[in-house]
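The values are calculated or read from the model by the stated rules, or taken from the named source; none is laboratory data. Please read all numbers here as calculations on a predicted model, not as lab measurements. Cβ coordinates were reconstructed from backbone atoms using ideal geometry, including for glycine residues, and neighbour counts include every protein chain displayed. The accessibility values were calculated without ligands, DNA or RNA, using every heavy atom of the protein model including side chains. Shrake-Rupley method; radii C 1.70, N 1.55, O 1.52, S 1.80 Å.
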Amino acid sequence: MSNTLLTESRIFARRNLEHIRQVPEKLTNVTIQPLMFVLLFAYVFGGAIKVGGGGYKEYLIGGILIQTLAFAMMGPAMSIATDLQEGVIDRFRSLPSRRSAYLLGHYMAEMLGSLLTIVILLGTGLIVGWRTHAPFLHVVEALLLLLVFASAIIWIGLWMGILVRSPDAVMGVGFVVVFPITFISNAFVPLESLPNILQWVASVNPVSVLIAAVRTLFGNPVAPVTKHVWPIDHPVGAAWLYSVALVVLGWVIAQRRYRARTTD
Amino acid sequence: MYETSVQHTKDSTGTKRSTPPSDGGITATGLGKRFGDLWALRNLDLRVEPGTVLGLLGHNGAGKTTAIRILTTLSQPTEGSATVAGLDVVRDSAAVRNRIGVASQQSTVDGLMSGRLNLQTIGRLHGMSKAAARQRGDELLEQLDLTDFATALVKTYSGGMRRRLDVAASLMGGPDVLFLDEPTTGLDPRSRGDLWQMLADLVREGTTIILTTQYLEEADRMADDIVVLDHGETVAHGTPAELKARIGDDRLDIKVAAAGELVAAAGALSAFAESDATFDTEQLVVTAPIKAGVRVIDVVRALDEAGIDAVDITRREATLDDVFLALTSDRHNREELTA
């Protein structure tokens, strides 16, 4: 009897879910944290930051969605770094299962977390007054884009987890990477409020482009473009390109790094 | 003592041996592994017949774990080749993994799952159905005396319980060849005896086992053949009886009051010794393997007549250190070995 790749991946994914069942606090960063961000930004900063047409709450949701999904890089990085530090990886490697199934299992479990994040964020958004103003198919496209972007982030997170030497390092490295790329963007403030050089950076930053695309597709207010470069001028097309490219890149480098790390 | 009905359970879970155990042995030819400039293992030649036990004996860093990692496909050899169950460990690594069970030195069970779920997950990865994996896992938990802790998280297990769960994990697939890296380290004497009994039953049913150990007693009791490794190289290979013949019988340690008396003490001891005495100049101890039938009282008298101020005299069984002294005395002195 031998398993299919899907069955093996599900066995590994179930293991990750079991970890969450044992330590539910692991879910904080994909549940309570985004909820907290929406409320804090909507009610604390909401009065101070002015955006055109539609109000800050409608502006905010696209930004928080992408930022939270980007921060979700830490989860997979943490769990794979922990596995690699403990001996459990050797056990799996000495079993008759495919190497790729192990990473796919992590991916599947983390994807469920990201789905939960999206549902919670949109739900909280609806409660504080966020609405879509776009055709149904555009909203569906926005949701699909979010899922592809979430996939890219998870693969990059898995790569990062294999790269660092210990789980303790994940937080440090993660914050240093994720904070700048999410804050040098249009996530919370309009691009025009940034210094000139950062406006250029933010206009090609995948995070800005993804946020602009999601806002566009939801029919929410979009920050005025200040630097005319292709990605920010064509946010939806550029967001798809970025996301698909990052999924492929993340998947390839994670697999390669895993192979290198587990071969001696 | 553990109940052993392994042959029966293999049948009930559908993971029967697909080939007769006649090709279930292990060979290695000139196997070597280099990390940077350091050879962790060099020129290892092995031939383990199906249904026998090979003991790999050596200190930490002798190359035992490196050998196991190569044979279990976790590590690539730098040179040489090896087969497990008739399959090449590099070219047919996937097929090898179907036939082996591994309990490595480091615990490889998942602390955030129960013992039962750990075994069930491993069984599922072996291709068993959920029900079969659960049944096989519970049988092994029973055999290894872990039934009471089946639903407890593994992170709450004691070191000995984790070791036993690791052994259970290695048996989930009903392996033809079993690799155990220091399986009894951290086990209390009773659990150690129970595990030895269980392994003996598996061997009787045709399982081939390689086990590494630092304990001479364990290698002596379990192994049909012993390979002694030191600094990555094979320093001896033979049956326990052959090896014991080479290393002699009991040891006598004589502690003297002053360094100047060491040589004199060795001289007085030579009449009773099978081979030359060795010195520990820091501890002021002279050690020699003594002939069968020697009485300690006669040694005491001889020392007294020679006017030597012996502080202490101890008769004991040969230890792993003594084995190395006997086998490698031309290459190492005692200071190095006891450092």
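Take the Cβ atoms of A:Gln85 and A:Leu116, set R0 to 22 Å, and the FRET efficiency comes out at 0.25.
For the pair B:Arg295 and B:Ala257, label points projected 7 Å from Cα toward Cβ lie 2.7 nm apart. By DSSP, the beta bridges lying fully in chain B are antiparallel in about 65 percent of cases. Projected onto their three principal axes, the Cα atoms of the protein assembly as shown cover extents of 109, 59, 44 Å, largest first. Inter-label distance, B:Ala152 to B:Phe35: 3.3 nm, where each label sits 7 Å from its Cα along the C-beta direction. Net charge of the neighbourhood of B:Thr234, taken over other residues with C-beta under 9 Å away and scored Lys/Arg +1, Asp/Glu -1, is -2. For the protein assembly as shown, carbon and sulfur atoms together expose 58% of the accessible surface, with a 1.4 angstrom probe and every protein chain in place.
With contacts taken as Cα pairs under 8 Å and at least 6 residues apart, chain B reaches a relative contact order of 19 percent.
What average number of partner chain Cβ atoms lie no more than 10 Å from the Cβ of the residues making up B:85-97?
1
With all protein chains kept in place, the per residue accessible area of segment B:245-338 amounts to 53 square angstrom at a probe of 1.4 angstrom.
When A and B come together, around 2700 square angstrom of accessible surface is lost from both chains combined, probe 1.4 Å. With contacts taken as Cα pairs under 8 Å at a separation of at least 6 residues, chain A carries a relative contact order of 27 percent. The accessible area of B:Asp92, taken with all protein chains in place and a 1.4 Å probe, comes to roughly 60 Å². Counting 0.36 nm for each residue step from B:Arg91 to B:Thr281 and taking away their Cα separation leaves a gain of 63.3 nm. Its Cα gyration tensor gives segment A:5-261 an equivalent ellipsoid, and the semi-axes of that ellipsoid, as √(5λ) in whole Å with the largest first, are 33, 19, 17.
How much net charge surrounds B:Thr78 when only other residues with a Cβ under 11 Å from its Cβ are counted (Lys, Arg +1; Asp, Glu -1)?
Working: positive: B:Lys33, B:Arg34, B:Arg42; negative: A:Asp264, B:Glu79.
Computed value for this residue: +1.
The slack in the chain from A:Lys227 to A:Ser166, taken as 0.36 nm per residue of separation less the alpha-carbon distance, amounts to 17.9 nm. What the Cβ-Cβ distance of B:Ala271 and B:His59 gives, at R0 = 25 Å and to the nearest 0.05, is a FRET efficiency of 0.20.
Counting Lys +1, Arg +1, Asp -1, Glu -1, what net charge surrounds A:Tyr59 among other residues with beta carbon under 15 Å of its beta carbon? Taking every Cβ under 15 Å from that of A:Tyr59, the sum is +2. Each residue, A:Val252 and A:Ala48, gets one label point 7 Å from its Cα in the Cβ direction; the gap between the two is 4.3 nm.
The length gained on full extension between A:Val201 and A:Ala134, counted as 0.36 nm times the residue separation minus their Cα-Cα distance, comes to 21.2 nm.
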